[in-house]
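For reference, the structure is listed below as structure tokens.
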Amino acid sequence: MSKTGFLLGVDAGTSRCKAAVFDGEGREIATASRPTTLHRRHPGWSELDPEESWDAAVTVIREAVEKAGIDPASIRAVGLSAAMVGAWVLDASGDPLRHGIVWEDSRSQPILDEMRDRDPAVMSRIFQSSGSVLQQGCTLPVLAWLKRHEPELIRRAAHVVSYKDFLRFRLTGLIATDRSEASVIPGNARTRSRSDEMIELFGLGDCAHLLPPIRDSEEIIGGLLPKTAILTGLPEGTPVTVGAGDVVSTVIGAGGFDTDIATAVLGTTCLVGTCHDEPVFEPGDLGLLFSMPGDFWYRAMVNVAGTLNLDWAIGVFASDLQGKEDCYQQVTSLVESVAIGAGGVSFLPYLSESGIIAPVVAPDARAQFSGLSPVHGRAHMLRAVYEGVAFALYDLVSALGFEGRQIRLTGGGSQSPVWCQMIADMLQMEVIVPTGTEFGARGAALIAAMALGDFSGVHAASMSAAGEVSHYRPAGETAAAYREAYGLYAKRRNALISSL
């Protein structure tokens, strides 16, 4: 990375939009964050208001630069990352025609059921093309739902893009997408592009023109428009890259290109994977495959809901602590007051509307507590939530077939020492937590640095981020207790899955 000037990365999630400024050494200088409201107007629906999302993005860009105390003209480029897939429908002027539909939306499930009824092998066909289990919130099934239920909107539409691509359009006036998005809508993982076969499979041949042109993540697509320069406080013409989806950006930003170490994200969603120099389709019909910049792929297993479980649990069982500066310290104290195994209480952390896609595919799976009795209180239930997510992560590592001894952990959950140690003890692996907080934004900034010629490729860019870390080494004396607690969890998980 250049020794002079700064880079700015934006990472827009479904609950918060974040921005961070990085110096010429790749150090995180300043961050800013703003919440966004996830609208659930009907069962299975998950949407964001495009205008609120846009306002959050320009606000965090401006605030991050102000906090950094730097000249806005010293920002060399802006990199973008956001929650992937879904559908943000724009008219010919680029104005949103409805709320943006995000990845965890499950309204398309009836359409997927119909496809499976017509062809029981259809989901395997999709997997063989994309390398990913199809999720209800992917762009093509969502677009098929819109075509069926909101045909007038589709007639008025000019573009169907993802969250990141909507923000980039607002910044630069240019419509495009990147290969990480195009290959998972679902598309073709081998060619790192869309698939005409998949588009036709969903009956969307007449809608293909709505999908944006595909560009490489590490391209400079254009510069800030005059009006967005005013909103963000950055100079007109500041370069903006094509960018990448949040999973891809986070892996890059966490230094996740060391093939001997698995990289996990414990954020709103929970996933773990490894990088490869060729597309990996094993195990079949399980997990996700992401196209990375350059000729790399990230093979991941996903439990859809991660810290979402804790956020929900605090809201329900510890609402008196919400908003307090020491909320998480008090929650940690409650968790540590209960022994391993949570007194026989298990929590299956399947809180997402989309169910789970590893270690089995079960879109109808939902979260549940088991083993409750009058002797249990909120401390037991909070401990069970922490353990349940750690056990789910163990399931993902097992499904991935990873046999290394280290796992790199990022996401909001990685900021919890008790959770990190719990995961290390459960996996019997060393957990490595990179220094920093905004790895998605860092990855977006590193992609921007690639676009400026600071790195020879994505591997060099990512490994430049693999700097200072915290280490959590497994405690051997807890292994037996965690194995026993996991055995009970697995028994209850299997009972739930077999009942669906």
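As a summary of the residue check, ALA157 satisfies the conditions (1) over 18 Å from ALA12 (Cα atoms); (2) among the hydrophobic types (A, V, I, L, M, F, W, C); (3) in contact with a Pro (Cβ under 8 Å, 6 or more places away or on another chain); (4) surrounded by fewer than 24 Cβ atoms within 10 Å (Cβ to Cβ) except for the one numbered (3).
Checking the structure you have, find out if any residue of the range 174-181 is small (Gly, Ala, Ser) and more than 22 Å from GLY457 (Cβ to Cβ). Checking the range 174-181: not a single residue is small (Gly, Ala, Ser) and more than 22 Å from GLY457 (Cβ to Cβ).
Tell me, which residue of the range 215-263 that is part of a helix (DSSP H, G or I) and of a type in the set (A, V, I, L, M) is surrounded by the most Cβ atoms within 10 Å (Cβ to Cβ)? Ranking the qualifying residues of the range 215-263, first place goes to ILE252. Remark: ILE70 matches the filter, which requires a residue to be modelled with pLDDT of 95 or more, part of a loop (DSSP other than H, G, I, E, B) and closer than 30 Å to PRO235 by Cβ. Exactly one residue among ARG34, ARG16 is of a type in the set (Lys, Arg) and closer than 30 Å to PHE455 by Cα, and that residue is ARG16.
Would you call SER15 polar (S, T, N, Q), touching an Asp or Glu at 6+ places or on another chain (Cβ under 9 Å), crowded, with 21+ Cβ neighbours inside 10 Å and in contact (Cβ under 8 Å) with a residue 60 or more places away in the chain? The answer is no for SER15.
Being more than 30 Å from ILE75 (Cα to Cα), surrounded by 15 or more Cβ atoms within 10 Å (Cβ to Cβ) and touching a residue at least 40 places away in the same chain (Cβ under 8 Å): is that true of ALA424 here? Answer is yes for this residue. Here PHE369 does not qualify as in contact with a helix residue (DSSP H, G or I) (Cβ under 7 Å, 6 or more places away or on another chain), farther than 14 Å from CYS270 by Cα, of a type in the set (Phe, Trp, Tyr) and touching a residue at least 40 places away in the same chain (Cβ under 8 Å).
So ASP95 ticks every box in (1) under 16 Å from PHE169 (Cα atoms); (2) touching a helix residue (DSSP H, G or I) at 6+ places or on another chain (Cβ under 6 Å); (3) surrounded by fewer than 24 Cβ atoms within 10 Å (Cβ to Cβ) but one. Which box is left unticked? The one condition ASP95 does not meet is (2). The listed residues are ALA384, ALA441, and the only one of them that is touching a Lys or Arg at 6+ places or on another chain (Cβ under 7 Å), in contact (Cβ under 8 Å) with a residue 12 or more places away in the chain and crowded, with 24+ Cβ neighbours inside 10 Å turns out to be ALA441.
Does ALA82 satisfy being more than 14 Å from TRP145 (Cβ to Cβ), of a type outside the set (Phe, Trp, Tyr) and under 20 Å from the mean Cα position of the chain (by Cα)? Step through it out loud before you land on a result.
Numbers: more than 14 Å from TRP145 (Cβ to Cβ): yes; of a type outside the set (Phe, Trp, Tyr): yes; under 20 Å from the mean Cα position of the chain (by Cα): yes.
The answer is yes for ALA82.
Just wondering, is there one or more residues in the range 170-189 that are more than 24 Å from ILE220 (Cα to Cα), surrounded by 22 or more Cβ atoms within 10 Å (Cβ to Cβ), touching a helix residue (DSSP H, G or I) at 6+ places or on another chain (Cβ under 6 Å) and modelled with pLDDT of 95 or more? Within the range 170-189, one or more residues are more than 24 Å from ILE220 (Cα to Cα), surrounded by 22 or more Cβ atoms within 10 Å (Cβ to Cβ), touching a helix residue (DSSP H, G or I) at 6+ places or on another chain (Cβ under 6 Å) and modelled with pLDDT of 95 or more.
I want to confirm something. Restricting to the range 332-370 and keeping residues that are among the β-branched types (Val, Ile, Thr) and closer than 15 Å to GLY388 by Cβ, which single residue is surrounded by the most Cβ atoms within 10 Å (Cβ to Cβ)?
Within the range 332-370, the first condition is being among the β-branched types (Val, Ile, Thr), and the residues that meet it are 332, 335, 338, 340, 345, 356-357, 360-361.
Now restrict to residues that are closer than 15 Å to GLY388 by Cβ: 335, 338, 340, 345, 356.
Working: VAL335: 22, VAL338: 20, ILE340: 16, VAL345: 24, ILE356: 28.
If we take residues in the range 332-370 being among the β-branched types (Val, Ile, Thr) and closer than 15 Å to GLY388 by Cβ, then ILE356 is surrounded by the most Cβ atoms within 10 Å (Cβ to Cβ).
Applying the criterion of being assigned to a loop (DSSP other than H, G, I, E, B) and among the small types (Gly, Ala, Ser) to the residues of the range 456-482, the residue that is farthest from GLN428 (Cα to Cα) is SER456.
May I ask you to verify whether LEU310 is assigned to a loop (DSSP other than H, G, I, E, B) and either more than 16 Å from the chain's Cα centre (by Cα) or surrounded by fewer than 16 Cβ atoms within 10 Å (Cβ to Cβ) (or both)?
no
Scanning the range 37-55 turns up no residue that is without any contact (Cβ under 8 Å) to a residue 24 or more places away in the chain, surrounded by fewer than 18 Cβ atoms within 10 Å (Cβ to Cβ), in contact with a helix residue (DSSP H, G or I) (Cβ under 8 Å, 6 or more places away or on another chain) and assigned to a strand (DSSP E or B). Checking each residue in the range 83-126 for being in a helix (DSSP H, G or I) and small (Gly, Ala, Ser) picks out only SER124. Among the criteria (1) within 20 Å of the chain's Cα centre (by Cα); (2) in a loop (DSSP other than H, G, I, E, B); (3) not aromatic (Phe, Trp, Tyr), the one SER373 does not fulfil is (1).
Check whether at least one residue in the range 456-471 is of a type outside the set (Gly, Ala, Ser), modelled with pLDDT under 95, surrounded by 17 or more Cβ atoms within 10 Å (Cβ to Cβ) and within 19 Å of ARG76 (Cβ to Cβ), and report yes or no. Yes - at least one qualifying residue is present in the range 456-471.
If I ask for residues that are within 18 Å of VAL60 (Cβ to Cβ) and small (Gly, Ala, Ser), which ones from the range 225-251 would you list? Residues satisfying the conditions are ALA229, GLY233, GLY243, SER249.
The values are calculated or read from the model by the stated rules, or taken from the named source; none is laboratory data. Computed from a predicted model, the values in this text were never measured in an experiment. Here Cβ is always computed from backbone atoms with ideal geometry, including for glycine, and neighbour counts include all displayed protein chains.
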